Amino acid sequence: MDGFRVGADGFELDGRPVRLLSGALHYFRVHEEQWRHRLAMLRALGLNCVETYVPWNLHEPGPGDYRDVEALGRFLDAVREAGLWAIVRPGPYICAEWENGGLPHWLTGVVGARARTRDEEYLGHVGRWFRRLLREVVPRQHGGPGGGPVIMVQVENEYGSYGSDRVYLAHLADLLRAAGVRVPLFTSDGPEDHMLSGGSLPGVLATVNFGSGARAAFAKLREHRPSGPLMCMEFWCGWFDHWGAEHVVRDAGDAAAALAEILECGASVNLYMAHGGTNFAGWAGANRGGGALHDGALEPDVTSYDYDAPIDEHGRPTAKFEAFRDVLARYAPGPLPEPPAPLPVLGAPVSAALADWAPLDAVLDRLGTPEAEHAVPPTFEELDVDRGLVRYALTVPGPRGPCPLSVRGLRDRAVVYVDGERAGVLTEDEPVLGVPVAGHARVELWVESLGRVNYGPRLGEPKGIEGGVLHERQYLHGVRARGLRLDAFDVAPAVREIPGGGQGRGRPGLYRGALSVRGAGDAALELPGFTRGFVWVNGFNLGRYWSVGPQRSLYVPGPVLREGENEVWVLELEEGGERVALR
Ligand code: GLA
C-alpha cells in the first residue's frame, strides 16, 4: 500500500517496513542559503529524515500579520531535493529554547494561563494560524498528489509535562485532520506515567523523549502502548547553554552508545539536535531554575544553539559526527554519502573601530513606540514589545529625604538613571537600588527582556514591570513609557539617520562602524569590552552578546558578509567597547 503508515510493529513506507533515522534541524535557526549544505550533512551522517518545529511567534508577530510562512514550504522543498523525509512539529507550543515556546507575546499577554487549554479565545487564534501554516504542509505530504517529503506531524509538544486538558489535545488533532493532514499524527512526551498519560491521545502514535536509558524508556512506553512502532522523538545528544553558567558538553562516545542502545531496541530515532544552529535576532528563550516546579530564577538561553550537536553551529562535523556515523552506518541500506564540500570561511581576520555613536535616547526617539503616560507601568505586552526594551520614566516627588527605590515584579533587568546619572542595575532577585534617592528626582528605568520562558508553569509570563516602582513603600504613579522593539532595526535607512554623537567612550547607545572583508565566508564576531546588547551586520541581527559568557563570540553566516565594506551596528545597553573583530 502506498504511503507512510504506523504498523503494528513498526513504520511502513509504501508497504515495506522502514526505520526512521531522523535529525532535528530548525530552518529558522539556519541561514536559508545554508539549508542545502546542512541537509547534505544530515545525509552524510546517515540520516534519512529531518525534523523541524514551526515557531508561531516568528511568523505572526502581530495578529493576522503573517511573515514569510512560505519559508517552511521552501525548506520542505529543499528537504525533498536532498532526498530526505520530513517530520513537522507545528506546535502551536514548541518549547525548543525559543522565546515564549513559540507562542506570540500578543496572545499570551491576553490569554495568560488559558494558553495551551481548550479556552475559546486561545483556540480561535490557533485555528486561524494552523489553517495558514498547514497550507505549506498539506500539499507536501508523502503519498499526496504533490509527492512531498512530509511523513508525520506532531500534536502539541510534550503536553504531558504541562497540562491535563485532553479536550485541548483532541481538538488540535481534529484541527490538523480538518485542515487536510493525512499522514500519521503523533505526540511526544517524557517516559513517565503522568507525562505519557497527560500528553498522549487514543488512536494517535505516542513517542518518548530522553537522553539515555533507551531500554527503560521504551519499557515504560510499552506499558502505555503494548504495540506499534517505538520511537525516541528527541534523543538529547547534547544540550543548550544559559548565560552566566558553564558551557555544557556531552561526551561523543557516551552519546554514541546511547544512540546504539536506541537502535538495538529496534526503534526509530530523531537526534535532538542533529544541527542546532543559532538563535538569531534575540529569539532565544529562557528557563526557570529551582527544581521540579521550574519556578526559580530566570535562566536565559545563549544565542548559540550549537547544542554540542554532531554538526556544529558553523556546519562542521565534530567527533560526535564521526561516532554517530559509525553507529548509523550499520543501519543504512548501502554506503553512506560523503559530507558535502565545506562552505567558504572568512579569508583573513579583520577588526574595526566603531567610531560613530548615538545615545540610547536618540535611538528611542527615532525607532521607539510612541510615548504615553500611564497611571502604572505598562508591561511589554501592553506596549506590544516582544523582544527588546522599554524606557520607563517617572518622578520622585519632593522635597523629601533619601529613601530606597525598588521595583516589584521586574522582568528582567533595569539600568537605572537618577537625574540623568547612572545609579545602578536592578534585577528580579535584587530589586532595590543600592543608593537611596531623595525627591524631587527624575528616574529612568531602561528595562530589558532577556528572553521569554519557554518551559514550565511560568510559560507566557509578561515582561517589563508587573507590580510597580516604589519609593519607600509608596507606589510612584504617573509613568511615561516607550518601547524599542528589536524589529524596529529592520528599517536600515532610519537607523542611518539617527544623529551620531561622536565616540561613545564606553557609554550605552548605538555604535556604528564598517568592517572591510577580503574573502567573505563563515566567521565569528567578537566584541571585546562591550557588555550586553545586540549586533547587526549588514542589517542581519546576529543576536544577543553578553560578557558574562559562556558564549564569547557570535556566529556570522558567510552569506551575511560581502567583499569590501560591511556595516556593523552594536546596540549596547550597559558599557560599550571600542572595536569589533571578525575571525
Ligand atoms: C524538550 C522539548 C524540546 C527542547 C528539549 C530540550 O524535550 O520538547 O523542545 O526544549 O526539551 O532541549
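Here are a few things to note about the model shown:
- For beta carbons closer than 7 Å, sequence separation of 6+ or different chains, a first residue in the stretch 437-457 that is among the polar types (S, T, N, Q) and a second that is within 16 Å of the ligand (Cβ to nearest atom) and part of a strand (DSSP E or B), the qualifying pairs are N454/W98; N454/A286.
- Evaluation of R215 against the conditions (1) without any contact (Cβ under 8 Å) to a residue 40 or more places away in the chain; (2) exposed (fewer than 15 other Cβ atoms within 10 Å of the Cβ); (3) more than 16 Å from the ligand (Cβ to nearest atom); (4) not β-branched (V, I, T) shows that the sole unmet condition is (1).
- Of note, D295 satisfies the criterion of being assigned to a loop (DSSP other than H, G, I, E, B), more than 16 Å from the ligand (Cβ to nearest atom), of a type in the set (D, E) and in contact (Cβ under 8 Å) with a residue 12 or more places away in the chain.
- Subset of the stretch 123-166 that is in a loop (DSSP other than H, G, I, E, B) and out of contact with any helix residue (DSSP H, G or I) (no Cβ under 9 Å at 6 or more places or on another chain) - its residue that is farthest from the ligand (Cβ to nearest atom): G143
- Leading residue by the ranking (nearest to the ligand (Cβ to nearest atom)) among those in the stretch 433-467 that are in contact with a His (Cβ under 9 Å, 6 or more places away or on another chain) and at positive phi: G456
- Meets criteria (crowded, with 23+ Cβ neighbours inside 10 Å, in a strand (DSSP E or B) and of a type in the set (G, A, S)) for A96: no
- Identity of the residue in the stretch 188-204, under 13 Å from L169 (Cα atoms) and in a loop (DSSP other than H, G, I, E, B), that ends up nearest to the ligand (Cβ to nearest atom): S200
- Residue match in the stretch 115-138 (condition: buried (at least 24 other Cβ atoms within 10 Å of the Cβ) and basic (K, R)): yes
- Among the residues listed as R413, R408, R391, the single one being closer than 16 Å to T427 by Cα, touching a Leu at 6+ places or on another chain (Cβ under 7 Å) and free of Cβ contacts under 8 Å to residues at least 40 places away in the same chain: R413
- Qualifying positions in the stretch 435-471 - assigned to a loop (DSSP other than H, G, I, E, B) and touching a Ser or Thr at 6+ places or on another chain (Cβ under 7 Å): G460, P462, K463
No value in this document is a laboratory result; all are computed from the given coordinates. Keep in mind that what you see is a predicted model, and the values were worked out from it rather than measured. Heads up, the Cβs are rebuilt from the backbone with ideal geometry, glycines too, and the neighbour counts pull from every protein chain shown.
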